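Chemist: Quick one: structure below, then a few questions.
The values are calculated or read from the model by the stated rules, or taken from the named source; none is laboratory data. No experiment lies behind these values; they were computed from the predicted model shown. Here the Cβ positions follow ideal geometry from the backbone for every residue, glycine too, while neighbour counts run over all protein chains shown. Accessible surface is based on the protein model in full, side chains and every heavy atom, while ligands, DNA and RNA are left aside. Shrake-Rupley method; radii C 1.70, N 1.55, O 1.52, S 1.80 Å.
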Amino acid sequence: MSGTTLFGLCAAALVGLGLYGLICQPGALRKILAFNLIGSGVFLLFGVIAQRGGGVLALAGTGADGDPVPQALVITGLVVAFAATAIAVTLLVRLAETSARGTLEGDEPPAPESSDARRT
Amino acid sequence: MLAALFADLMDLGGLLLVIPLMLPVVGLLLALLVRGRTLGRFALALLLLGLAAAAVIAAAVATGDQALHYQLGGWAPPLGVALKADGLSAVMLLTTAVVLLGVGIYAQRGFQVPAGLPETRRSLAFWTLLCGIWGGINTVFLGQDLFTLFVALELLTFSAVPLVALDGRSETLAAALRYLLFALLGSVLYLLGAVLFYGTYGTLDIALLADLIAGADTLPPAVPVAAALMTVGLLAKTTLFPLHLWLPPAHAGAPPAASAVLSALVVKGSFFLILRIWFDLMPALLTLTAAQVLGALGAAAILFGNLVALRQTRLKLLIAYSTLAQIGYLFLIFPLAAGSSSVALTAGALQVVAHACAKAAMFMAAGLIAASLGHDQIRELRGSGRTLPLTVLAFGLGGLSLIGLPPSGGYLVKTLISAAAVDTGQWWLYLVVQAGGLLTAAYLFFVLSQAVPGPRQPTPPHERPRLAQQLIVLALALCALLLGLLPLSAVDLLEIGRPAAADSGAVSALLADAWTLDKLWASLWPVLIVAALVLAVRYRQQRKPPRPEGTSATLSPGRALDQLDHLLRQWPVAGLLLLVLVAALVQTMLVGG
């Protein structure tokens, strides 16, 4: 198995694990971590693509090995994912402070009484 | 002198496109210096400049009869990043500027720093986030690079999410967190699609990619997968049914000015990218089946959103569900694109503009009513028509555009979609459009029938809205209502910068008999019947005492609808539906193509 295939499979596994966590885990913190897993998978895939070449430089016939453009994009992507995580964690901390709960399930109370009961 | 300045500015050409990106960033940075009581005025001044810039760009595109291009730093794609404003972008920029200016005027009061305080977090947060949304959405309209667009979308989302939780109550914090996490799932799918495009073609520039895709004999399997991932990721952010788990609590819980921006603009940013993908990037890949999947979801959104809106007891939740339904109309255009892409695009763009103005007006009107009454329970709106006549009028006028009555922008949208649906033999679309209009009419008249009658309230209102707020809400509603009266040449602006269509004139042909008397009457009489029915039901309700809660049949269709909505808005259900949708879109593209 070549390196690119191995890393590609790792990326797919990370994305799969992250999707599972984001969809099935009820805890908001786990969802945030799962999002970061998917993000890592996507960035790893981007790295694999960079290693494989075939980008702008290869098309231009420079004979360069590998492609530097994805690295620049991955760094930007990391910053975006970091910002997203920061906002999500801040919201979660505030939510835990105001209502002492850490899940997103059942925040649509079917009847108003139950939500009042929870808030008190 | 002003005219000379205007002409000078238009000579700038592509460089103009930098202005709508610079102004919000300048606002964001300077807001930290300005702060305090002048911040609202400062933001308003910037928004005015933004409106002027958008008008100049639209004029330059219209008079030049071609798209404006600009390459950042003089670097050409694929290494550099290009900006482009075609007619569609210009119209969107202008709409954004108008709606944001309206919101800016409206929010002067709600987000002003109270006397005696140097500054408040609420005020600083609102105005900076508004600038963030403005910058993000302008970049979405102008960007030509899939990765730039990703960053722009994230800027848009990250500015929109905290707006939801501005008041810091636990419900709104939870709504904001749900919104953020689901939007992140959407954006990571979009990014995955973009990465697959890069891996296949080695570039992310839309124009270059479009050439490569159009030139290829056979498409590598990564392309349909990437297209499906990007589309579904964007659908999660646009909240097309059934991916609407975060929309109602988020849009209904935010402060009114924020709800207006979220509902009118933010969801349209991701929709605009869907348009870019399917109409610019790979028009050939939009197979009839794929288009019909999107159209069917749109139709379901219209019926479901309107029916659930009818069940709501709070005014802001009703408006939020109505947004869900109105987003559905945006996706009805995809099945029509098979007949004529210019008709589809025109209908989509008109719907974006009409809904943006109408919905911003309605959310802000609801905010004024709620501030004056101290609540927004629909059944207790009695007398608000006397206390706030202008506001209730604005709410009603905005609603007329949502129903699609002439002369509103909504009427043009419905006429275009109906006529194109009949032309292409897709009768189900025609029926959905008509049914959607009548359902909208039902809840609009229900609200009005509660609000209009009744004496002026004896108790003093909680908060008297300013006349300026009432007038700006009315002005936005009038924008939506009078949009239909724009001359047809204004619609031609949308075509500028697109490849010359073989079916030019299709739009004007379909709109030609929109203003004949029997057409007008045909759109009016069903709505009048609905109005009469609503009044009759309301009269009966007043005569009979309401049934006590809990005694009604447990299997009533209304209750079933609520339960279905509740089920669809569970995380696991929405997440799985998202994945199913990706698989379905890939399947339709592989089989249909």
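Chemist: For region A:53-73, name all the residues that are crowded, with 17+ Cβ neighbours inside 10 Å, modelled with pLDDT of 65 or more and assigned to a helix (DSSP H, G or I).
Modeler: A:VAL69, A:PRO70, A:LEU73
Chemist: Return yes when B:VAL151 is assigned to a helix (DSSP H, G or I) and without any contact (Cβ under 8 Å) to a residue 24 or more places away in the chain and no when it is not.
Modeler: yes
Chemist: Something else: Go through region B:385-416 and report how many residues are modelled with pLDDT of 90 or more, among the basic types (Lys, Arg) and surrounded by fewer than 24 Cβ atoms within 10 Å (Cβ to Cβ).
Modeler: Counting residues in region B:385-416 that are modelled with pLDDT of 90 or more, among the basic types (Lys, Arg) and surrounded by fewer than 24 Cβ atoms within 10 Å (Cβ to Cβ) gives 0.
Chemist: Is region B:125-135 home to any residue that is within 13 Å of another protein chain (Cβ to nearest Cβ), open to solvent by less than 10 Å² (accessible area, probe 1.4 Å) and farther than 27 Å from B:PRO20 by Cα?
Modeler: Scanning region B:125-135, I find no residue that is within 13 Å of another protein chain (Cβ to nearest Cβ), open to solvent by less than 10 Å² (accessible area, probe 1.4 Å) and farther than 27 Å from B:PRO20 by Cα, so the answer is no.
Chemist: Now for a different question. Counting only residues that are over 11 Å from B:LEU181 (Cβ atoms) and open to solvent by 10 Å² or more (accessible area, probe 1.4 Å), which one in region A:34-45 is nearest to the other protein chains (Cβ to nearest Cβ)? First the steps, then the outcome.
Modeler: Of region A:34-45, the ones over 11 Å from B:LEU181 (Cβ atoms) are A:36-45.
Of the ones still in play, those that are also open to solvent by 10 Å² or more (accessible area, probe 1.4 Å) are A:36-37, A:40, A:43-45.
Details: A:ASN36: 10, A:LEU37: 10, A:SER40: 10, A:PHE43: 9, A:LEU44: 10, A:LEU45: 6 Å.
Among those residues, the one meeting the criterion is A:LEU45.
Chemist: Just checking, how many residues over region B:492-536 are in contact (Cβ under 8 Å) with a residue 40 or more places away in the chain, closer than 30 Å to B:VAL447 by Cα and open to solvent by 50 Å² or more (accessible area, probe 1.4 Å)?
Modeler: Summing the residues that are in contact (Cβ under 8 Å) with a residue 40 or more places away in the chain, closer than 30 Å to B:VAL447 by Cα and open to solvent by 50 Å² or more (accessible area, probe 1.4 Å) in region B:492-536 gives 5.
Chemist: Counting just the residues of region B:368-421 that are of a type in the set (Val, Ile, Thr) and under 17 Å from the mean Cα position of the chain (by Cα), which one comes out nearest to B:GLN351 (Cα to Cα)?
Modeler: Looking at the filtered set, the residue picked out is B:VAL413.
Chemist: Answer yes or no as to whether B:ILE369 is among the hydrophobic types (A, V, I, L, M, F, W, C), over 22 Å from B:GLY298 (Cβ atoms) and in the same structural domain as B:ALA301 (by TED's automatic domain parsing).
Modeler: Yes: the conditions hold for B:ILE369.
Chemist: Please go through (1) part of a helix (DSSP H, G or I); (2) modelled with pLDDT under 95; (3) open to solvent by 10 Å² or more (accessible area, probe 1.4 Å) for B:THR139 and return the number of the only condition it doesn't satisfy.
Modeler: For B:THR139, the exception is condition (2).
Chemist: Further, regarding this structure: Within region B:166-178, can you find the residues that are open to solvent by 10 Å² or more (accessible area, probe 1.4 Å) and in contact (Cβ under 8 Å) with a residue 60 or more places away in the chain?
Modeler: B:LEU166, B:ASP167, B:ARG169, B:GLU171
Chemist: Quick one: in region A:1-33, which of the residues that are in contact with a strand residue (DSSP E or B) (Cβ under 8 Å, 6 or more places away or on another chain) and at the interface with another protein chain (Cβ under 10 Å from one of its Cβ atoms) is nearest to A:ASP67 (Cα to Cα)?
Modeler: As a first pass, look at region A:1-33 and keep what is in contact with a strand residue (DSSP E or B) (Cβ under 8 Å, 6 or more places away or on another chain): A:26-28.
Subset that is at the interface with another protein chain (Cβ under 10 Å from one of its Cβ atoms): A:26, A:28.
Values: A:PRO26: 39, A:ALA28: 37 Å.
The selected residue is A:ALA28.
Chemist: Need pairs with beta-carbon distance below 8 Å; first residue farther than 26 Å from B:LEU83 by Cα and within region B:1-13, second assigned to a helix (DSSP H, G or I) and open to solvent by less than 80 Å² (accessible area, probe 1.4 Å); sequence gap 6+ or separate chains.
Modeler: Going by the 8 Å Cβ cut-off, there are no qualifying pairs.
Chemist: Can you confirm whether B:ALA160 is over 16 Å from B:GLY27 (Cα atoms), facing chain A (nearest Cβ under 9 Å), touching a residue at least 12 places away in the same chain (Cβ under 8 Å) and buried (at least 23 other Cβ atoms within 10 Å of the Cβ)?
Modeler: Against the criterion (over 16 Å from B:GLY27 (Cα atoms), facing chain A (nearest Cβ under 9 Å), touching a residue at least 12 places away in the same chain (Cβ under 8 Å) and buried (at least 23 other Cβ atoms within 10 Å of the Cβ)), B:ALA160 does not qualify.
Chemist: Taking region B:182-195 as the search range and keeping residues that are more than 23 Å from the chain's Cα centre (by Cα) and within 8 Å of chain A (Cβ to nearest Cβ), which one is least open to solvent (accessible area, probe 1.4 Å)?
Modeler: B:VAL195
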